[in-house]
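Values quoted throughout were computed directly from the atomic coordinates according to the rules given, and no laboratory measurement underlies them. Please read all numbers here as calculations on a predicted model, not as lab measurements. Note that we place each Cβ from the backbone using ideal geometry, even for glycine, and neighbour counts take in every protein chain shown.
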Amino acid sequence: MTSRSRFAPLDVVWRTCDAVPECLGIAHEPYGRCLAHLTPAEVAAFLRGLAPGQSLDLRGTLLSEDLITRVLDGVERRVGRARFDRAVFTGPARFGEVVFAADASFDHARFDRLASFYGARFLCNVSFREARFQREFSLHGARVRGHAAFDHVTVRGDALFGAALFGAALVGEALVGGPGNTRFQRASFHRAQFHGFAVFDGAVFHGDAAFRSARFHRAVSFRDADCGASAEFQGAHFEGAAYLGPMRIARRLSLAGVRACAPLHIDTGGCRVVLRSAAVLGRLAARLSDAEIDLHGARVAGLSDVTRRSGRLRVTSLDGLDADALTLTGADLRTCGLGGLRRPEGLRLRECVFAAPPGGLGLRLGWPPVRWWSRRRVIADERLWRGWGAQGSDGPAPDPARLAVLYERLGPGVDDARVAADFAFGAMEMRRQGSPRGLMRLLLSLYWLACGYGLRAGRALGWLALVAAVAAGAVCWAAGVRPPDRPAVQRARVGVVRPVASFSHAAHGLAG
């Protein structure tokens, strides 16, 4: 085994420089040495042989600022196939306004100073896999027509991708493809490490923008960014503040499994936002328009809020959500179960839309056979328990006892007095439905029937009016059983006075 083979990595497939065993620079014929180890005369001869659009193969070469500048000037800053794998740029690498007409690869390259690709144009694919940037890395205003791979890159300084365009044909270039050619082109930053500020303001991703398991040690910004497909941050780690918006995303913003140690700001719309199993230790501030959000298993600490900016904001899942103080404003919760919340009292509900019982009268075989439903707000879990419609909640199966407790714990977080009253009614109703048949259920049923658990004043007034009407009818009926007494007719009494025999007549009789 030669000394060169001991130092060469296994993925080095080119003939390395013969000058020193440690040099991985590709050997140029007929010298057998890399460009960095050529004599000045040999370098001049190499540069004279360059032409615009010519391919460059400088893999593993040690490149100073002067040497790379002379090479780029030799091709008039228009390169064909460019190979800089494992190259080492000891000075500032300035590729500003360079046109790469074919694929360009900088895999495992090392940039000891500034790496600037300001305004560069990549007409095909570009790859920076496992490249290391010791200082700033700028791709500001660059254009990448094909795939852009930045997997496992390490940027010690700031990373500037503002106003860059990924995955689209360049206007005015000879190679202009239709929509079908850019459908699957993407920019990948899988497991990238950003130790400085990362700026993607105004960047345009015509395909997917994949930042899976990326790590941002300082603030990252995507203000005014545009993603024509999905923005994927699964498993990403934000140690500084993250400003994901305002940005436009066509399909999905995936933040599943992310860990944010600082504030996380989300401002987007027209897509699905996934925060499954996310851990936001700072403040979560989401402003969404015409979107749906999934918070299954998320952990949200601090004062956080999810707000509907315009359109409809549909919440698909809150199962397993553990929130200290999360405010949902303008959210549609008609199909979202709340039974899986770990701390329902930590949820604040403002101007939210809830489900409702079926309207009108209902017939059933049980008692009472006829039921009427009042127009009140109910949570999706009660609808599922009553069988009013299939719901998409994957939390624990609802039962009346759990629903009663859930209504009570959610009530203080509701800002609308009518909704709070409906939740209090729902708590009592679930307690009645969950009580075993006996005296307690009878009392609760009478309480419900009489005044709706003290929350339906109209029902109490109705019963009062009914009792008054029945009492009045009873009085009228009792008065009509015996006809009223007629006044007695005073008949004239004629006294017959009979004459009484006088003593004279008697004496006369006696005498006779």
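Full extension from residue 345 to residue 262: what is 0.36 nm times the residue separation minus their Cα-Cα distance, to one decimal in nm?
27.5 nm
Quick check: net charge around residue 158, other residues with Cβ under 10 Å of its Cβ, Lys/Arg +1 and Asp/Glu -1?
+2
Between residue 468 and residue 57, 0.36 nm times their residue separation minus their Cα-Cα distance comes to what?
That works out to 137.8 nm of additional length.
Return the distance in nm (one decimal) between the two label points of a simple spin-label model at residue 42 and residue 402, each offset 7 Å from Cα along Cα→Cβ.
Going from the residue 42 label point to the residue 402 one covers 7.7 nm.
Mind giving me the nanometre distance, one decimal, between the label points for residue 78 and residue 386, set 7 Å out from Cα along Cα→Cβ?
7.3 nm
Enter the Cα centre distance for the pair the stretch 107-137 and the stretch 398-416, rounded to the nearest angstrom.
Using only Cα atoms, the two centres lie 55 Å from each other.
First check a/c for the stretch 64-104, with a ≥ b ≥ c the square roots of the eigenvalues of its C-alpha gyration tensor; if it is under 1.5, answer rounded, and if not, answer prolate when a/b is larger than b/c or oblate otherwise.
It is oblate, given that a/c is not under 1.5 and a/b is not larger than b/c.
Would you grab the residues whose amide H sits under 5 Å from the one on residue 63? Only those 5+ places off in sequence or on another chain, please, with H modelled 1.01 Å from N.
The list, which skips near neighbours in sequence, is 88, 89, 90.
If you average the C-alpha positions of the stretch 31-62 and of the stretch 266-341 separately, how far apart do those two centres end up, in angstrom?
Between the Cα centre of the stretch 31-62 and that of the stretch 266-341, the gap is 57 Å.
Can you give the FRET efficiency to the nearest 0.05 for residue 112 and residue 415, using r as the Cβ-Cβ distance and R₀ = 45 Å?
0.20
How large is the charge dipole for the stretch 12-140, taken about the Cα centre, if only the Cβ atoms of Lys, Arg (+1) and Asp, Glu (-1) carry charge, to the nearest 20 debye?
200 debye
For residue 310 and residue 218 in the same chain, what is the full-extension length gain: residue separation times 0.36 nm, less their Cα-Cα distance, in nm? Write down the numbers at each step before the final one.
Working: separation 92, 0.36 × 92 = 33.12 nm, distance 3.10 nm.
Separation in residues times 0.36 nm, less the Cα-Cα distance, equals 30.0 nm.
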